[in-house]
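Engineer: Below is one structure. I have some questions about it.
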2 protein chains.
Amino acid sequence: MGSEPGYRPVETVETALEIVALLKRRDRAGVTAIADELGIAKSTASRHARTLEDQGVLVREGEAYRLGTWFLDYGTYVRNRQPVFEAAKPKVDELAAATDEKVWCVIEEHGVGVHIYGAEGRHSVRTHARVGRRTPLHQFAAGKAILAHLPDERIGTILEERGLEAATDETITDRSELREHLETIRERGYAINREESVRGVRAVGAPIRSDSGDAVTAISVAGPANRLRGEVLTEELPALLLGATNEIEVNLAHS
Amino acid sequence: MGSEPGYRPVETVETALEIVALLKRRDRAGVTAIADELGIAKSTASRHARTLEDQGVLVREGEAYRLGTWFLDYGTYVRNRQPVFEAAKPKVDELAAATDEKVWCVIEEHGVGVHIYGAEGRHSVRTHARVGRRTPLHQFAAGKAILAHLPDERIGTILEERGLEAATDETITDRSELREHLETIRERGYAINREESVRGVRAVGAPIRSDSGDAVTAISVAGPANRLRGEVLTEELPALLLGATNEIEVNLAHS
DNA sequence: GTGGCTCGTTCGAATAGCGGGAACACATTT
DNA sequence: AAATGTGTTCCCGCTATTCGAACGAGCCAC
């Protein structure tokens, strides 16, 4: 079930990206460390690192290289170019202020959920989530909300390629159970995450749909299980969320 | 005054980065457009683009490629790894709330200033600044604050390599004038930007120094010229800023 | 002071693989 | 049905990448 290229990838670019990925794992590394860990010659590692430095991608500190703010520049560019971001940001901020919980805006890319913006409420829980973070769609509220509103064939492809890895013992890992669950989400219009991604954390997520009815974006409110229960979880928050996503959809259609 | 490699850069990586840079300029482009604009063969452009897509860097939408949230992931990683970010963020937020103006945290990299975090006040001016944005150090308050507190030889190198490009007609473009100006900043401990980067916008910036006395970070408060004048500009804001940077420096030393 | 260790850089040579162009498949248009 | 547009595939030639070894610069210990 691995990946089958089929075409001829540019291997030199792949090694460059391996260096970048390595520097994300190790934070900083010298030429020797890079060469050792990737199994390439020191001279090759040196040439790559210096090239990436000259291009502004890497920064050298003495004898070590680390990732530079080049990524920050491109990262914010990418976020600002998301058409939904500008429309969703103020509403996400509003929701965070109104609920005092953590609110996230999530988009789908390459079959996984990407957190593109988060707003803090006064009592926000601290999860592992972070702007840019990737999470399997089936593991959290916003992801399930997106998944439920994708074209049916797309859902199949994603489940096929990504599988149903568990994050906690509440994560839905059975395919037919997930299918039923998604059907419920479609009927209700929102998704609930009951400690399926992080133990002790629940969330409500609602999709932002385009004219075609598909969703590539969702918004979620996350908080501790003891606050998000009863009618708050099943009535109040869904109502708030659906109001917000509805407004965002309208704003998006008129821009 | 051009760049003299001196070593042998990896040209394949350079073309890959050219594609990425192109997609930042044009937002989205197909294989043919990429090949035409960069003067490479379509097959080469296709292979590069698909490689970058497989690595998660690019996303394809139909027949067009665009930059993916890969950059967002790496970008926030880079920011969170800045030791100063965690310490400065709460203070920047505080300052924005206290002054109701836009507050920026800026670091130096490759001889230019990089905005790594910004907090909005209720009356924030909207400038071209943006997280990740690069600005020549001599053009703005935070940049000048950093520049003034770098090792003397470093200052010379930066001015040599980067020059003194003007942003407005108030920008300091004379080298000896700038040197004197930096001396004043060192004496005062803070820098003032009087419409030197954006017409109608003034700012105050103060450095965050490490134990060695050098600064690689600064914080600034920016606002419209009609609000930032008189004692507000020369007394109140500098005092607030210096208080904040002082606290940040202490927190940094004890971590 | 001097040998040894580690770091990164440089050099030359060999071959892997990058780049280019033409032919291809496919869709949309005229 | 022909024409133009898209991206992809194939193969060949030659460049540019890769490697390994030799080199030079720091640094520490003895």
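The values are calculated or read from the model by the stated rules, or taken from the named source; none is laboratory data. Because the structure is a prediction, the values reported are computed rather than measured. All Cβ positions, glycine included, derive from the backbone under ideal geometry; neighbour counts span all protein chains shown. Surface areas here come from the heavy atoms of the whole protein model, side chains and all, with no ligands, DNA or RNA. Shrake-Rupley method; radii C 1.70, N 1.55, O 1.52, S 1.80 Å.
Engineer: Let a ≥ b ≥ c be the square roots of the eigenvalues of the Cα gyration tensor of chain B; is it rounded (a/c under 1.5), or, if not, prolate (a/b larger than b/c) or oblate?
Structural biologist: Judged from the Cα gyration tensor, chain B comes out prolate (a/c at least 1.5, a/b above b/c).
Engineer: Further question: How much accessible area per residue does segment A:75-253 have, in Å², with a 1.4 Å probe?
Structural biologist: Here the per-residue accessible area is 45 Å².
Engineer: Note the angle between two axes, namely the Cα long axis of helix B:11-26 and the longest principal axis of the Cα atoms of chain B, as a number of degrees from 0 to 90, rounded to the nearest 10.
Structural biologist: Roughly 70 degrees between the two axes.
Engineer: Another question, if that's okay. Order B:Arg50, B:Arg130 by their accessible area, 1.4 angstrom probe, all chains in place, largest first.
Structural biologist: So, going from the largest accessible area down, we get B:Arg50, B:Arg130.
Engineer: Past the 29 Å Cα-Cα mark, which pairs from A:Lys24/B:Lys102; A:Lys24/B:Lys91; A:Lys91/B:Lys144; A:Lys24/B:Lys144; A:Lys89/B:Lys24; A:Lys42/B:Lys42?
Structural biologist: Over 29 Å apart, Cα to Cα: A:Lys24/B:Lys102; A:Lys91/B:Lys144; A:Lys24/B:Lys144; A:Lys42/B:Lys42.
Engineer: How much of the accessible area of segment A:11-68, in percent, comes from carbon and sulfur atoms when a 1.4 Å probe is used?
Structural biologist: Roughly 41 percent, rounded to a whole number.
Engineer: A follow-up question, please. Leaving out ligands and nucleic acids, note down the accessible area per residue over segment B:11-68 with a 1.4 angstrom probe, in whole Å².
Structural biologist: 46
Engineer: Just the accessible area for B:His254, please: 1.4 Å probe, Å², rounded to the nearest 10?
Structural biologist: 150
Engineer: Just by accessible area at a 1.4 angstrom probe, what is the order of A:Val250, A:Val204, A:Val125 from largest to smallest?
Structural biologist: A:Val250, A:Val125, A:Val204
Engineer: While we're here: Return the inverse of the average 1/r over all pairs of distinct C-alpha atoms in segment B:11-68, which is the Kirkwood hydrodynamic radius, in Å to one decimal.
Structural biologist: Evaluated over segment B:11-68, this radius sits at 10.8 Å.
Engineer: What's the buried accessible area, both sides, between A and B using a 1.4 Å probe, rounded to 100 Å²?
Structural biologist: Summed over both sides, the interface buries about 4900 Å².
Engineer: Any idea what the dipole of segment B:152-237 comes to, in debye rounded to 20, about its Cα centre with Lys/Arg Cβ at +1 and Asp/Glu Cβ at -1?
Structural biologist: Value, rounded to 20: 340 debye.
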